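Notes for the one structure printed next.
The values are calculated or read from the model by the stated rules, or taken from the named source; none is laboratory data. Only a predicted model underlies this, so the values are computations on that prediction, with no experimental measurement involved. Cβ atoms come from the backbone with ideal geometry, glycine included; neighbour counts cover every protein chain shown.
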Ligand SMILES: Cc1cc2nc3c(=O)[nH]c(=O)nc-3n(C[C@H](O)[C@H](O)[C@H](O)COP(=O)(O)OP(=O)(O)OC[C@H]3O[C@@H](n4cnc5c(N)ncnc54)[C@H](O)[C@@H]3O)c2cc1C
């Protein structure tokens, strides 16, 4: 039976983290090398943690499924990373970043974690600058900032439209240094397929070598998952094609609670879907909304090209509805507003599922060169994909699945409900409540990896009895056998449908019934469809090839099998939460103006689900959320 203990330290919010760091137990420097930590994932969360833990003296084994840590999905992050540096002197502060994040998440996050994140944000930038991350600078040399949604200050640090790439290269260099020193052993092309829990503690993982197919166990004193988000459960998303839920899902099935699975972020500015055979969606960074203006024709059914629609015939609906935040309204709000105008028949492009993001005003005000400097690579990407020139005609954009706020439940120390299993980055449910603000994922991943985990994991190691275990341990052998049997089972089906066809069908169910808007009837329908699809998968999927070779169909099959289970949990969570908050918009619960209507009396909690076995309904546990510093209020960006 799971018990949710958030372990939030007592005392004033601004002192909690310092006090906690003082009170936590330390591992003596000479003893650190006696501990092995298994780090699964080498994105911004994983690479920063692996490098920092190794620099502290721990032995780190780091795993990723790509051929190089540099290919982690974090490399794709475009727009920037938030930090409360107040370089612009525009009224920013740690408190304001904390406030904006709690409000942006629609009051469904844990205050103490968010405050710590805002405090650490300042240190992240210094750390990255010291590593040589080439953030954009002002003429005088100071680091430049731009604005992101849900904030009225400019606190986003960026490296053109390639911030994730530059940050990841920084973290990767640190990790490479440690690999060369011998502190980190890197296992690329190695997929974690299960968690080994011995005497109630996470002590290891079972992996498959994706080139040879060899299944092995790796043991250590603690396991850390930095395995990213699960947005690909929707099939079409802005995530890298390989991003998946397998590591966290299999840990869930071994006892880690899964928190707020239905909190999904649908990003307002992506290139619209263009056809049935598309397998990937492309983000157009939120940073573009600093200068781009969003509009649709005032008249439904107006199919004229944008250049022929005069200013007075356009509806700049975000500026009209949210004058204080305008085009930089938070993502959940901007996405719903786009859906609303398209539902009214005012959408643009062939499908009618699109709105304009127009740079004409910015180009005439700032000049082509400035726009090129700020967003050149994004404009080029847009042009290559759509064959339209955004310097000359407005971009067409539409919301798409982008980020998952849900994930494995963690306490203040980033430890899951399985002692020893820590979860960082997008894989945990952490700090963003029901809606993440733009540029805050990179901040959270690096806060977790560079600063929080290296401090808290020591406390776990110093205060736990961790007898030596080896791979002959029966629990280890049992999990290895489970993995081998599961793999065999997938290969033995030899059915008629491709893995992708199941994934696509699941994605459509998820998007239609649990996407930007949800209601009880639709969610029940999804809950009736998914088990049938899952049963068919196990009867009729075709996984060609063998398990003793590179076999991408086999890799995908395992991931899709997990998505087919996770999708059901997402819908169950969405159905039980009879309120709207952030990205979770239940059509039955909205204000007169169509905004999300929370029910704080009944739902001001984190929903953490406990696995109860196959074909059994998971058990809901609640961590109630107290708001001492930011008072619960209806969000307003007007
Ligand atoms: C297109 C795009 C642009 C974005 N832009 C921004 C932005 O500008 N600012 C911002 O703050 N956020 C942005 N985000 C969000 C942000 O990029 C992610 O939330 C963040 O990078 C996730 O980092 P991570 O370390 O948690 O996971 P990832 O970077 O996804 O890394 C996951 C790691 O886990 C490994 N892994 C996963 N499963 C297994 C397994 N079973 N076995 C072994 N290894 C495994 C992978 O190999 C990889 O190394 C963007 C997201 C997208 C999709």
For region 344-357, indicate whether the set of residues that are in the same structural domain as residue 306 (by TED's automatic domain parsing), out of contact with any helix residue (DSSP H, G or I) (no Cβ under 9 Å at 6 or more places or on another chain) and assigned to a helix (DSSP H, G or I) is non-empty.
no
With the condition kept exactly as written, say whether any residue in region 410-419 is buried (at least 21 other Cβ atoms within 10 Å of the Cβ), at pLDDT 95 or above and in the same structural domain as residue 306 (by TED's automatic domain parsing).
no
Considering each of 135, 63 in turn, give the residue that is farther than 30 Å from residue 377 by Cβ and touching a strand residue (DSSP E or B) at 6+ places or on another chain (Cβ under 7 Å).
63
Looking at region 3-48 only, could you name the residues that are within 20 Å of residue 226 (Cα to Cα), away from the ligand (no atom under 16 Å from the Cβ) and either assigned by TED's automatic domain parsing to the domain that holds residue 118 or out of contact with any helix residue (DSSP H, G or I) (no Cβ under 9 Å at 6 or more places or on another chain) (or both)?
35, 36
Residue 521 versus (1) within 27 Å of residue 331 (Cβ to Cβ); (2) touching a strand residue (DSSP E or B) at 6+ places or on another chain (Cβ under 9 Å); (3) modelled with pLDDT of 95 or more: which is the lone unmet condition?
(2)
Region 150-173 - residue that is buried (at least 21 other Cβ atoms within 10 Å of the Cβ) and touching a strand residue (DSSP E or B) at 6+ places or on another chain (Cβ under 7 Å) and, of those, farthest from residue 268 (Cα to Cα):
167
Residue pairs within 6 Å by beta carbon, gap of at least six or interchain, first lying in region 134-162 and not assigned by TED's automatic domain parsing to the domain that holds residue 75, second surrounded by fewer than 23 Cβ atoms within 10 Å (Cβ to Cβ), listed first then second, are none
For region 50-72, which residues satisfy the criterion of being crowded, with 24+ Cβ neighbours inside 10 Å, near the ligand (Cβ under 9 Å from one of its atoms) and within 30 Å of residue 287 (Cβ to Cβ)?
64, 65, 69, 72
Okay, helices (runs of 4 or more DSSP H) sitting entirely in region 403-498 with 2 or more residues that are away from the ligand (no atom under 16 Å from the Cβ) and in contact (Cβ under 8 Å) with a residue 24 or more places away in the chain, I get 453-462, 474-493
Positions within region 74-90 being near the ligand (Cβ under 6 Å from one of its atoms) and surrounded by fewer than 23 Cβ atoms within 10 Å (Cβ to Cβ), in sequence order
76
Out of curiosity, is residue 499 within 26 Å of residue 221 (Cα to Cα), within 27 Å of the chain's Cα centre (by Cα) and crowded, with 21+ Cβ neighbours inside 10 Å?
no
Which listed residue, of 115, 99, is in contact with a helix residue (DSSP H, G or I) (Cβ under 8 Å, 6 or more places away or on another chain), more than 16 Å from the ligand (Cβ to nearest atom) and not in a loop (DSSP other than H, G, I, E, B):
115
